[in-house]
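The values are calculated or read from the model by the stated rules, or taken from the named source; none is laboratory data. Fair warning: this is a prediction, and the values are worked out from it, not measured in the lab. Here the Cβ positions follow ideal geometry from the backbone for every residue, glycine too, while neighbour counts run over all protein chains shown. Side chains are part of the model used for accessible areas, which takes the heavy atoms of the whole protein and leaves out ligands, DNA and RNA. Shrake-Rupley method; radii C 1.70, N 1.55, O 1.52, S 1.80 Å.
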Amino acid sequence: MDFLRPSTLDEALAMKAEFPDAVPIAGGTDVMVELNFDVRRPPALLDLGLVTELSGWTRENGHVRLGATVPYTRIVTELGDVLPGLAMAARTVGSPQIRNRGTVGGNLGSASPAGDAHPPLVAVGADIEVASTRGSRTVPAREFFTAPKKSALEPDELIVAIQVPEAAGPQQFAKVGTRNAMVIAVCSFAVTLDVAGKGVGTGIGSAGPTPLRALEAERFAAAELPWGSGEPLQENIVRAFGELVGAAARPIDDVRGTAAYRRHALSVLARRTLGWAWRSVPQEVAK
Amino acid sequence: MTTTTQQPLITNVTGGVGDSPMRPDGAQKTRGEFAYSSDLWADDMLWGATLRSPHPYARVKGLDITEALKLPGVHAVLTHEDVPDNIYGLEHPDQPVLAVDIVRYQGEPVAIVAADHPETARRAADRIVVDYEVLTPVTDAEAAMRPDAPVLHPAHEGGNIVRHAPIRFGEENPVADVVVTGEYTVGMQDQAFLGPESGLAVPAEDGGVDLYIATQWLHADQRQLTKALAMPEDKVRLHLAGVGGAFGAREDLSMQVHACLLALHTRKPVKIVYGREESFFGHVHRHPALMRYEHGATRDGDLVYVKAEIILDGGAYASTTAAVTGNAATLGAGPYRVPNVRIDGYGVYTNNPPCGAMRGFGAVQACFAYESQMDKLAAALDMDPVDLRIRNAAERGTVMPTGQVIDSPAPVAELLELVRAKPLPAIPTGPRDLRELPGGVSNTTHGEGVVRGVGYGVGIKNVGFSEGFDDYSTARVRLEVIAGEPVVSVHTAAAEVGQGLVTLKAQIARTELGVQRVQIQPSNTFVGSAGSSSASRQSYVTGGAVRAACEEVRAGVLELAAARGFAATGLAGGKVVSATNEVLADLVDVLGDEVVERTVEWRHRPTAPLDPVTGQGFAHVQYAFAAHRAVVDVDVELGLVRVVELACAQDVGRAMNPDAVLGQIQGGSAQGLGLAVMEEIQVVDGVVRNPSFTDYLIPTVLDMPPMTIDVLERADPHAPYGLRGVGEPPTLSSTPAIAAAIRAATGLALSRVPVRPEHIVGA
């Protein structure tokens, strides 16, 4: 197996063009597991660890442009204020050691339906910036995932950055696992509120072939939430929102849980996270 | 007498029995510097790999190794034809080293490869072509017992029943005021040790082989190796390598024969290290159990009878199923006074993964059932569940269902009182740290749906090998002067598997010989068998052997002292002393150039086989007891559980090393917690669905709560220092205590462990 070590993004893209079968590796928390379990035997690894263009973040035009190889730990410690939903999801990833290594770019590259970063990116409407020697393009996170472990990424493309809109209101993320830490999602849910725009975003993880959006639930909540009133949520609205989220899931029975449980749990998570988000709507905006 | 001035005795020897000296491997393990068996290395060594059956049951119609041999770097590809004697087994030889014409479980070894690189070895194994005729696996243990079930081992008498262990005690048809029945199931738990199966076989110039291996019992491995390799004992030498946990999973052979065969065939050192996934197929697991119980009691809450049928799925090969079945049956009524008992334990062959030894060994499964029954009975009697247990608690003098009288302290009631008396943890108010809540850092609740529950459990475990087994250990102890100092050397074949035996052997030598410096020799087969590091037995048996050898060495030194004119009666503080503890001489001067060395084979008092019809007999050398109280918070809407606190009380007879005792209680309780709420190998149609630590979950620091622990020391007059085996009892009672606490929080019956979220929410 060849080990390619580009030191610039241009070099990395050239290598990816020349060796489209090379598997990009950043933190290695997914790739190395697959290699160790003999799930795949790529002819080459493309190590992005030296490519500094990928390893930082900037704020521009109401977005955070998050480099593909920024580890979860930095998202938790540096971006909790502007990207609270993603930071909450990052906090649930693996162990401290995994969070020091693992990256959102890697999560997207694996495109597992259970990836923890995906629901908040889907909920907030992030864009994935991908590039090749042919040029660069952005793919909406909501269109990025095409099937289990499959994405819109072309063989010669690399994930360069994720453009995440800065929070326009409270965001929440919750994940069900059968252990209190270091656990893969049985199902997960992200919700974002756009207080000024009276919008609601959702993302469902690990309950379908790809991360999903609960569109009906979003429309319902956007229409029914008592925006600007400062009033608490009505129980019937919360409950209906939960049911719509459960209905939007397309879960299966597997070793981690049953489809019925996932639907049920998503309804509970949706109710709870919407309630938490609503309660933290800033009072001055609410009034 | 040649001394003229009397010296005061200064007992400056520290780190003896009752102290908690630092374990020699502790700092190394903490720093990641300890050499485990997977770190072994030899120049010019080859790597072994194993081809395993993907099918739980299939006929092997053909095996073609041609393409594997063609791969550059491959030194050997071996099949059953290369094994001198292909059948082995820990207690019951029924298992091929390499499959011949049939495979009986998914993961059964079919062929082995040695190559100059581990990846080359794995690729070569993939090139071996096996022609399987897939058969329908037998996967239901109860169905496997029926006369019309396919017979998996035609040579075994009794169909697929490995052992039926009946217990008949008291009246056959007793009548009770109140009767409760229940059917309970226990899933397949894995030992989940962190250091995978691994070892290095080095061919020797004498035609023999030296195997460096992580195991629980060097001599049992050696016995099976000499048979499989058809070589004499002196040609098969075993050396204990660094063991990364055991918990029963290293009792049976894994890669031992394979590595030796490849080394002998290639004349090169061969290392085999299983990966994590392979490890799940490389060792036996805890028997899944189906248990039907009926308890009868008087209106006042006195137990009248226990009837039970316990079916243990032994999987494809016998391993220790017979002994596990014996334990489940003999201990199946629990630590209670029960006048009438009728239990039928069955260990059964199926095509599921082989099951055998795991911490608690049959007693774990039964404890979940009988403790669940005690709670159900308490509810039926409208009694407090702890009061009911205490009312019926076994004590010294109680007659067990085997007819055996408990002839040492059995403070069952006191243990229950201790855990009940602990103040309950407060129910917090106000904002909560996520880590304290069910779901933990995954942010699933901020208190919504969370209900607290409290539950109790108490268990009984046998210590040591039972039912007439010749259970002994061997210790060689040597005392000499090195560089002007007395030094003791202790040599046994006992396996240090993390329990702290290396530390304990030195403590015993210091106490018995009054010498500070003790060297522990590496464990190997150059000294007699120590028996297995299992059944909570090594402190008792190897501890007993080391003490006995020290006593003989002491007698030897006193003879030397006598020859030099000292009427000495003991050793202390590096001196020989009189009966009144007067210092008579320095040990160094008495010894001079003499080396005093003694080797002792030490046995505990014998046990007896069970009567095959009535199950009566003096089967167990010692009983051990622990009780737990569990406090849990359950998110009843999501079915997630956070164990808030575990309180444990255990009688250890004598706390030989108090820190190590606490460590055993913490670890055992954690393993029981794992069985209660998460740990299960999921097997469907004989196929393992979660052979990884991604999906076989074991508790983390956020799952295992703080513990309060009471250690009782009620000496067993039959045991060395009065000690009682420590390692297993806490694994028994934490599981039913947690299950009971979840029942209390949810109001659900929950007759199965592990309790999964869908069991709680009913989805």
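Brief remarks on what is shown
- With DNA, RNA and ligands ignored, accessible area of A:R213 (1.4 Å probe; Å², nearest 10): 90 Å²
- Average other protein chain Cβ within 10 Å of Cβ, residues B:428-437: 1
- Chains A and B together bury roughly 3100 Å² of accessible area, counting both sides, with a 1.4 Å probe on protein heavy atoms only.
- Calculated log₁₀ intensity ratio I(q)/I(0) where the Debye formula runs over C-alpha points of the stretch A:171-280, q = 0.09, 0.17, 0.18 Å⁻¹: -0.22, -0.72, -0.80
- Across chain A, Cα-Cα pairs farther apart than 32 Å form 24% of the total.
- Using the Cβ-Cβ distance between B:A749 and B:E480 with R0 = 60 Å, the FRET efficiency computed as 1/(1 + (r/R0)^6) comes to roughly 0.40.
- Gyration tensor verdict on the stretch B:41-193 (Cα atoms; rounded if a/c is under 1.5, prolate if a/b is larger than b/c, oblate otherwise): prolate
- The trypsin sites (Lys or Arg not before Pro) of the stretch B:14-91 include none that DSSP puts in a loop with a beta carbon having at most 16 other beta carbons within 10 Å.
- The protein assembly as shown, accessible surface, carbon-and-sulfur percent (1.4 angstrom probe): 51 percent
- A simple charge model with +1 on the Cβ of Lys and Arg, -1 on the Cβ of Asp and Glu and nothing else charged puts the dipole of the stretch A:171-280 at about 300 debye relative to its Cα centre.
- Under the simplified labelling scheme, the B:A230-A:A152 pair shows an inter-label distance of 6.8 nm, with each label point 7 Å from Cα along Cα→Cβ.
- Proportion of all alpha-carbon pairs of chain B beyond 36 Å (%): 46 percent
- Qualifying lysines (Cα of each under 18 Å from Cα of B:K575; at least 8 residues distant if same chain): none
- Qualifying chymotrypsin sites (Phe, Trp or Tyr not before Pro) for the stretch B:30-100 [loop in DSSP, other Cβ within 10 Å: at most 11]: B:W41
- Leading residue at positive end of dipole, the stretch A:171-280 (Cβ point charges), from A:A185, A:T273, A:V200: A:A185
- For the stretch A:82-112, heavy-atom accessible area (probe 1.4 Å) falls by no less than 20 Å² from the chain alone to the full protein assembly at A:R91, A:T92.
- Cα centroid of the stretch B:496-510 to Cα centroid of the stretch B:460-486, whole Å: 10 Å
- Scattering from the protein assembly as shown was approximated by placing one identical point on each alpha carbon and applying the Debye formula without solvent; log10 I(q)/I(0) at 0.08, 0.09 1/Å stands at -0.91, -1.11.
- Value of relative contact order over chain A, rounded to a whole percent, pairs C-alpha under 8 Å and six or more apart: 16 percent
- Inter-centroid distance (Cα atoms) of the stretch B:46-104 relative to the stretch B:206-274, Å: 17 Å
- Note that chain B presents 35 Å² accessible area per residue, ligands and nucleic acids not counted, probe 1.4 Å.
- Accessible area per residue in Å² at 1.4 Å probe, computed on the stretch A:171-280: 35 Å²
- B:M656 - accessible surface, heavy atoms, 1.4 Å probe, Å² rounded to 10: 10 Å²
- Distances between placed amide hydrogens fall under 5 Å for B:N581 paired with no residue 5 or more residues away or on another chain.
- Those residues of the stretch B:658-700 for which accessible area with every protein chain present is at least 30 Å² below the isolated value (1.4 Å probe): B:R689, B:T694, B:D695, B:L697, B:T700
- Summary of the geometry: the stretch A:218-275 and the stretch A:126-169, compared by the centres of their Cα atoms, lie 27 Å apart.
- Length-normalised contact order of chain B in % [C-alpha pairs under 8 Å, at least 6 apart]: 16 percent
- Probe 1.4 Å, all protein chains present, accessible-area order of A:I98, B:I460, largest first: A:I98, B:I460
- In the stretch B:748-763, burial by the other protein chains removes 50 Å² or more of accessible area from B:E758, B:A763, compared with the chain on its own (1.4 Å probe, ligands and nucleic acids ignored).
- Legend: residue pairs B:K70/B:K268; B:K422/B:K505; B:K61/B:K268; B:K227/B:K268; B:K307/B:K376; B:K70/B:K235, Cα-Cα distance threshold 23 Å; pairs beyond threshold, B:K422/B:K505; B:K61/B:K268; B:K70/B:K235.
- Partners of A:K150 within straight-line reach, counting lysines whose Cα lies under 24 Å from its Cα and excluding those fewer than 8 residues away in the same chain: A:K16, A:K175.
- Distance in nm between pseudo-label sites at B:T708 and B:A204 (7 Å out along the Cβ direction from Cα): 5.6 nm
- Whether the stretch B:330-433 is rounded, prolate or oblate, judged on the alpha carbon gyration tensor where a/c under 1.5 counts as rounded: oblate
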